[in-house]
Structure formats: C-alpha cells, structure tokens
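Here is the structure we will look at, set down as structure tokens.
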Amino acid sequence: MSTKERLNVNLDSELKKNTAETLEALGLDFTTAINIYFKQIVSKQKIPFEISAPKYFSAEEVMGKNWREDLDNIEDEWE
C-alpha cells in the first residue's frame, strides 16, 4: 500500500479560480488533476506538453534579405 503525502503550492488566486472552474466542468478536483499530471510526467519521462519561448522573427526573416534596398520605393504618406 502506498503512503500519501501532502504537497503545498502557491498559485495566483485568479489562476486557481479559473482552474477550479475548468476542473469542475471536467468532473475533476485538484488532487485528481495533479495526480493525472504527475503520472504523465513519470510515464512519459517529460512534461506532457511543449514548453517554449515565443519566437521573434528578424526583419530579414519576414521581409527578405534585401528589404532595405526597397525602402526608397515606399510611398511615405507622412510627408
């Protein structure tokens, strides 16, 4: 028989409220949701979703390598 341990976490109050509402709609409570999450971490040996930083594109990636050459051809409505 496995022993149970308590885990205390600090959450933003709005995040906690929104999560509780979502879990209730799914028919889950916090304990069940956390147990599912932790079991997935152990089973997959990774966080069960992608975590990444936002990708910021350079001007060259968006407009092409020679974008500066065409700046003179842009009609400036401010003048």
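Which ones in the stretch 21-33 are in a loop (DSSP other than H, G, I, E, B) and either at pLDDT below 80 or surrounded by 10 or more Cβ atoms within 10 Å (Cβ to Cβ) (or both)? Show your work before the answer.
Step one: of the stretch 21-33, the residues in a loop (DSSP other than H, G, I, E, B) are 27-29.
Hits for the stretch 21-33 are 28, 29.
Within the stretch 51-59, identify whether any single residue is out of contact with any Cys (no Cβ under 7 Å at 6 or more places or on another chain) and touching a residue at least 24 places away in the same chain (Cβ under 8 Å), and answer yes or no. No, the stretch 51-59 contains no residue that is out of contact with any Cys (no Cβ under 7 Å at 6 or more places or on another chain) and touching a residue at least 24 places away in the same chain (Cβ under 8 Å).
If you check residue 8 against the conditions, is it surrounded by 10 or more Cβ atoms within 10 Å (Cβ to Cβ) and under 27 Å from the mean Cα position of the chain (by Cα)? In short, no.
Within the stretch 34-79, how many residues turn out to be more than 30 Å from residue 5 (Cβ to Cβ), under 31 Å from the mean Cα position of the chain (by Cα) and assigned to a helix (DSSP H, G or I)? Selection size over the stretch 34-79: 5.
Report, by residue number, each residue of the stretch 50-79 that is surrounded by 10 or more Cβ atoms within 10 Å (Cβ to Cβ) and either at pLDDT below 75 or in contact with a His (Cβ under 7 Å, 6 or more places away or on another chain) (or both). Even if it seems obvious, please write down each step before you answer.
Just the residues of the stretch 50-79 that are surrounded by 10 or more Cβ atoms within 10 Å (Cβ to Cβ), to begin with: 59-61, 63-64, 67-68, 70.
Result: 70, single match.
The values are calculated or read from the model by the stated rules, or taken from the named source; none is laboratory data. Every value quoted in this text rests on a predicted model; they were computed, and no experiment measured them. Heads up, the Cβs are rebuilt from the backbone with ideal geometry, glycines too, and the neighbour counts pull from every protein chain shown.
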